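For reference, the structure discussed in these notes is given below.
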Amino acid sequence: MSQEESMGIYIFCGIQMEADESFGEIEMEEEKRELFTIRYKDAAMVAAEVPMKIYHPNKDNLMMHQQAVSLVMKKNDTVIPVSFGNVFHSKEDVAVLLENLYPQFEKLFPEIKGKVELGLKVIGKKEWLESKVSEDASIEKMAQAVKGKSEAASYYERIQLGGAAQKLVTSLQKETERDIFHPLKELAEASKVNDPIGEKMLLNAAFLVDREKEAAFDQKVNELHEQWEDRVEFNYSGPWPAYNFVNIRLKVEDA
């Protein structure tokens, strides 16, 4: 198999562009790869030529993908995210894909121009969650009832205990949504609450924010963190392209 036959085109994101732009190079599995664009009308895919194979979403590869997108975002304010690991056989295949996607891109460009996605995960601190549990008399009573009993004897009590604890977490999630998510939602163009990951997460939110309002949004996040820092940890991330607000099907039948 020749070198040419074994190479493919990895795509990172879509952009709106009026003139040619250069985005430099990235390191992909210890090889430097030049980023280039494949254009159609005022749209383009940012891509790199890579060995044709399956790319596994390990930490290094995911960071490489994010790094490439970050380079693009520094120079371009209309970035459409593409999920990790899409490799096509040729530039022609990508050009066909882009032409097929263009009607969707055309609608999306004005909606995401100058906007970025910011993520906020709120995780309850262990000590605070434990103190909330011990404040709840019904949970404390059930926990005492389970202690010292055999597993079989305490089975139904443990189910009740699990249900009561879940009810408490749900009420804390609602409180977090009201007091943290809603004030931030006011400053965003769009917002979304995703399912929490793990039992201590109280909020998993994404916000689409105008770049001009990003500083005000950051400030609000800092204010809220100061109010809540004894009880929770904030995991604030971004800016990203609008992963949570754009849903594009990448595969074309013959690509």
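Rule-based calculations on the coordinates, nothing more; no lab input. Every value quoted in this text rests on a predicted model; they were computed, and no experiment measured them. As a convention, Cβ positions derive from the backbone with ideal geometry for all residues, glycine included, and neighbour counts pool all protein chains shown.
Measuring nothing but how far apart in sequence close Cα pairs (under 8 Å, 6+ apart) lie, relative to its length, segment 7-113 scores a relative contact order of 38 percent.
Close amide H contacts of Ser90 (hydrogens built in the peptide plane, cut-off under 5 Å, sequence separation of 5 or more or a different chain): Ile9.
Close amide H contacts of Val82 (hydrogens built in the peptide plane, cut-off under 5 Å, sequence separation of 5 or more or a different chain): Gly14.
Within straight-line reach of Lys53, meaning a Cα separation under 18 Å, sit the following lysines at least 8 residues removed in sequence or on another chain: Lys32, Lys91, Lys251. Considering only the Cα atoms of segment 25-118, their convex hull presents on average a projected area of 6.4 nm². Loop-located trypsin sites (Lys or Arg not before Pro) in segment 1-52 (DSSP state not H, G, I, E or B) with no more than 12 neighbouring Cβ atoms inside 10 Å: Lys41.
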